[in-house]
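Worksheet: one structure, shown below.
What follows is calculated from the coordinates using simple rules that are stated; it is not laboratory data. Just so we're clear, the structure is a prediction, and the values are computed from it rather than from any experiment.
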Amino acid sequence: MNGIETAQRRFPVDAVYTHYREINDAVGRIQIMAYNNPASFRANMTRSTWDRLMALDRIKAVKESNGNTAHRANVIAHISERVNVFAGGEHWFLPDSLLGANGIVGIVGPGASQASLTFYDACMARDLDRAVPMHIKYNDLASDITGENEVGRLKACAELGGLQAGPAAMPVRADRCAAQGDARG
């Protein structure tokens with residue numbers, strides 16, 4: 001079970017703990033994956049939050065999506081021996097894996113699963129000769145992804161997978177094509 005706090009509300013840290021404690025107490029034997037994404041949920045799971053969360057017996061994993069590298073290093077090093085840490089994207093996984101993270105919830109994985117698996121294996125084996133060049137590509141890709149460029153993302157995934165997809169481009173809405181007399185829409 002992935003216990004996600006309700007989006008678009010600002011949560012005090014105590015509310016985050018209470019949220020996960022209530023889920024922990026309600027789910028029986030089901031394991032919980034917490035999700036730390038301060039940009040979306042307006043709360044951040046710090047080391048002190050994790051000290052409390054690790055006392056809950058059902059929290060077994062976290063998808064860590066806080067983009068602050070100091071936060072990531074501090075928390076991952078603190079919790080990774082007791083909680084499975086999943087990087088919230090390939091672009092975070094190399095440094096996270098060096099600190100104890102052992103999984104990825106991929107951005108690219110759905111479009112280029114073999115590339116993501118190759119990268120995962122290289123990171124887990126500490127094979128920096130293979131991992132670092134892929135890490136750089138994933139960082140370049142992550143810096144270009146927005147909510148408006150899904151087509152560009154899929155093309156970039158294909159390129160990482162070894163396919164020729166052409167340059168990434170913003171999607172063109174069908175109504176704009178029709179208004180311009182363009183048959184592509």
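List the lysines whose Cα sits under 23 Å from the Cα of residue 155, skipping any in the same chain fewer than 8 residues away.
Result set, ordered by chain and number: 137.
To the nearest Å, what is the center-to-center distance of segment 77-142 and segment 60-75, using C-alpha atoms only?
For segment 77-142 versus segment 60-75, the Cα centre distance is 13 Å.
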